[in-house]
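So the structure is just underneath, and the comments pick up after that.
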Amino acid sequence: MFNFGVMASGAGSNFEALLKQIQKKRLQAACCFLIVNNKNCGAAQIAQKNKIPVYHISALTHPNPKEYEEAFLTVIEQYPIDFLVLAGYMKKVSSLLLERLKNRILNIHPSLLPDFGGKGFYGLRVHEAVLKAHRSWTGATVHLVNSKYDEGRILGQSMVPVFKNDTAEVLAERVLKSEHKLYWKTLRDYASSLGY
Ligand code: GRF
């Protein structure tokens, strides 16, 4: 059994998939909070539906950079979390947070890293690049977060075929489905490797 917090910016389907696995008792964990940088995102609505506290932290709520960084610590210090899970979180994680939760922050990326990762590779751009490179396989990667985009230790990957007539949108959908299966298992296995 372990506790985690989530940070998200978008639709929140990965977040929701994690909550489903907890409800099904496949993931022996509790989600303590959600931090969003956009208070109207889908992820925030999913949290509200599931009675999970939501915190909005952005340059709008905290225009002062120091207070912005500290706002994350204020939230995480209120909860006994073992991990912080990024589920479509589009902002850089502050160095304060990285230090505080060293090797405890996970992210999911919609490609087989190290391919198609790094600055600029997000959303449909990733899948467009995969199609442009004529790859027959793509996939998803769960990795630890460090100060460089998409470069932390890889914890798990799943492979997804690319078909001849795929558009970036169709491919994105197929990869997203595989992310939902990959994230909870990788989180479970990583936690278990640390003794949880
Ligand atoms: C996913 O494709 C994830 O790999 C990337 O952002 C997307 C988030 O989707 N980091 P969702 O908000 O979980 O539906």
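Using a 1.4 Å probe on the protein heavy atoms, what percent of the accessible area of the range 50-116 belongs to carbon and sulfur? Exposed carbon and sulfur together represent 55 percent of the surface.
By the Cα gyration tensor, the chain has an equivalent ellipsoid whose semi-axes, rounded to whole angstrom, run 27, 19, 16 from largest to smallest.
Whole Å is fine, so just give me how far the alpha carbon centre of the range 146-164 lies from that of the range 66-96. Taking the Cα centre of each part, the range 146-164 and the range 66-96 sit 22 Å apart.
I'd like the FRET efficiency for H134 and E173, computed as 1/(1 + (r/R0)^6) with the beta carbon distance as r and R0 of 22 Å, rounded to 0.05.
For H134 and E173, the calculated efficiency is 0.65.
Based on Cα contacts under 8 Å between residues 6+ apart, the range 1-102 shows a relative contact order of 37 percent.
Normalising the average separation of contacting C-alpha pairs (under 8 angstrom, six or more residues apart) by the number of residues puts the relative contact order of the chain at 20 percent. For the range 123-182, the list of chymotrypsin sites (Phe, Trp or Tyr not before Pro) that fall in a loop by DSSP and count at most 15 other C-beta atoms within 10 angstrom reads F163. Ligands, DNA and RNA aside, K185 has an accessible area near 90 Å² when probed at 1.4 Å.
Projecting the Cα atoms of F4, G117, I35 onto the charge dipole of the chain (Cβ charges, centred on the Cα centre) puts F4 farthest toward the positive pole. Surface exposure of the chain, expressed per residue as accessible area with a 1.4 Å probe, stands at 52 Å². Rounded to the nearest 10 degrees, the angle from helix 168-193 to the longest Cα principal axis of the chain is 50 degrees. When nucleic acids and ligands are ignored and a 1.4 Å probe is applied, R125 ends up with an accessible area of around 120 Å².
Distance between the pseudo-spin-label points of Y196 and Q28 (7 Å out from Cα toward the beta carbon): 1.2 nm.
In a simple Cβ point-charge model (Lys, Arg +1; Asp, Glu -1; nothing else charged), the chain has a dipole of about 460 debye relative to its Cα centre.
Of the GluC sites (Glu not before Pro) in the range 1-110, the ones in a loop by DSSP (not H, G, I, E or B) with at most 15 other beta carbons within 10 Å are E77.
As a test of reading the structure, rank S111, S136 by solvent-accessible area (1.4 Å probe, protein chains only), most first. Show your work: numbers first, answer last.
Working: S111 0, S136 70 Å².
Heavy-atom accessible area, descending, gives S136, S111.
Here r is the Cβ-Cβ distance between R100 and K20 and R0 is 35 Å; the resulting FRET efficiency, rounded to 0.05, is 0.75.
The values are calculated or read from the model by the stated rules, or taken from the named source; none is laboratory data. As the structure is a computational prediction, the values presented were derived from the model and not from experiment. Counting neighbours? That spans all protein chains shown, and the Cβs are built from the backbone with ideal geometry, glycine included. Side chains included, ligands, DNA and RNA excluded: accessible areas come from the protein's heavy atoms. Shrake-Rupley method; radii C 1.70, N 1.55, O 1.52, S 1.80 Å.
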